[in-house]
Amino acid sequence: MIKRGQLVAMAALLALAILPVWILPAGAQQTDRAKQIGGKLVCGVGTSMCNCRQILTQCNHVGCMNSSAMLKTLDQKVGKGDAEESILQAFILEYGREVLAEPPKSGFNMIAWLMPSFYLLGGMVLVVLVISRWRRRPAAQAAGTSAAASQLSPELLERARAEAARETED
């Protein structure tokens, strides 16, 4: 039979074995969250040390002083549990709007989001108009050529055919 001390020791061992499983997902979520937020920030902005201007979480600039400091700040804010908007606002206050990898989807910046759609739509309309004009054009030309052919005399037409035949025989 198992003694009470052995049972407590096995329970403690089991708790120690399960503890990393409980702790790791929370840490992994924070790192994923930090990577997601860091993907919205640009490295090397607002300082004179480095001007690499790469995505913060993807900065591969050797010896970049900005990325390590910015990532440390980001990890601290994510570790505190700050909301994404407040983290982005803190970086904007510290480094300026240039720190954002993409413009915010509000106000005047909305033009940067909408204009590509308008250009695509305008281009499609232009292509449809040009193609419809091209499709109508051959019918109009065919009608014009038959009218011109009916105005030619049969003798002139026969002379042109004979001349073409002579030139192609050589």
Exercise for the section: Report yes if R159 is surrounded by 11 or more Cβ atoms within 10 Å (Cβ to Cβ), modelled with pLDDT of 80 or more and either out of contact with any Ser or Thr (no Cβ under 9 Å at 6 or more places or on another chain) or not in a helix (DSSP H, G or I) (or both), otherwise no. Expected result: yes
Practice task
For L100, indicate whether it is closer than 20 Å to R33 by Cβ and not hydroxyl-bearing (S, T, Y).
Solution key: yes
Exercise for the section: Restrict the check to segment 6-17 and report whether at least one residue is touching a Gly at 6+ places or on another chain (Cβ under 7 Å) and either modelled with pLDDT under 75 or of a type outside the set (G, A, S) (or both). Expected result: no
Exercise for the section: Scan segment 57-76 residue by residue and report those that are assigned to a helix (DSSP H, G or I) and without any contact (Cβ under 8 Å) to a residue 24 or more places away in the chain. Expected result: T57, Q58, M65, N66, S68, A69, K72, T73, Q76
Exercise for the section: Please specify each residue of segment 77-90 satisfying the condition of being part of a helix (DSSP H, G or I), surrounded by 13 or more Cβ atoms within 10 Å (Cβ to Cβ) and more than 22 Å from the chain's Cα centre (by Cα). Expected result: K77, V78, I87, A90
Handout entry: Residues that are under 27 Å from the mean Cα position of the chain (by Cα) and either among the charged types (D, E, K, R) or modelled with pLDDT under 80 (or both), drawn from segment 46-58
Key = G46, T47, C50, N51, C52, R53
Completion exercise
Within segment 93-142, restricting to residues that are part of a loop (DSSP other than H, G, I, E, B) and at pLDDT below 80, the one that is farthest from M70 (Cα to Cα) is S106
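The values are calculated or read from the model by the stated rules, or taken from the named source; none is laboratory data. These numbers were taken from a predicted model, which means no experiment stands behind them. With ideal geometry, Cβ positions are generated from the backbone for all residues, glycine too; neighbour counts draw on all protein chains shown.
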